[in-house]
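Participant: Starting off with a structure, shown below.
None of the figures in this text is laboratory data; all of them are computed from the coordinates on show. Just so we're clear, the structure is a prediction, and the values are computed from it rather than from any experiment. Cβ atoms come from the backbone with ideal geometry, glycine included; neighbour counts cover every protein chain shown.
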């Protein structure tokens with residue numbers, strides 16, 4: 001005869017399965033999912049880096065992309081999105097003419113281990129724009 005309280009083994013197994021499956025429905029801090037990003041590379045006709053790049057997005061998601069210079073002579077802009085559709089981006093920078101580019105963004109889910117992650121693909125696949133001096 002056992003004395004004291006014991007934890008039923010069945011309940012322990014159910015708890016273990018719940019913990020392992022906890023990231024199976026969406027991206028979460030438990031999952032090794034990359035952020036679903038829509039990316040744009042901005043260069044200039046002269047090959048110099050442009051300062052103050054602003055990329056404004058319209059489409060299913062609207063707003064400004066986050067833009068940062070790279071180690072080369074380009075600026076990388078990105079927007080986190082979970083919405084598929086056609087996006088238009090207007091890119092501006094002081095001393096340069098505005099440039100427009102559009103892309104079709106497709107958001108899908110992919111399974112990584114026990115996790116379901118969102119992935120983003122764009123058409124064209126390497127979205128970029130070249131700014132010309134004003």
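Participant: At R0 = 25 Å, how high is the FRET efficiency between residue 51 and residue 122 if r is their beta carbon distance? Nearest 0.05 is fine.
Facilitator: For R0 = 25 Å, the calculated efficiency reads 0.50.
Participant: A further question follows. Given a Förster distance of 30 Å, report the FRET efficiency between residue 106 and residue 58 from their Cβ-Cβ distance, rounded to the nearest 0.05.
Facilitator: For R0 = 30 Å, the calculated efficiency reads 0.95.
Participant: Can I ask one more? How much length would be gained if the chain were fully extended between residue 68 and residue 132, taking 0.36 nm per residue of separation minus their Cα-Cα distance, in nm to one decimal?
Facilitator: Difference between extended and current length: 21.2 nm.
Participant: Would you kindly state how much longer the chain becomes between residue 90 and residue 35 on full extension, computed as 0.36 nm times their sequence separation minus their alpha carbon distance, in nm to one decimal?
Facilitator: On the way: separation 55, 0.36 × 55 = 19.80 nm, distance 2.29 nm.
Working it through step by step, the gained length comes to 17.5 nm.
Participant: In percent, what relative contact order does the stretch 25-131 have, based on Cα pairs under 8 Å that are 6 or more apart in sequence?
Facilitator: In percent, rounded to a whole number, it is 33.
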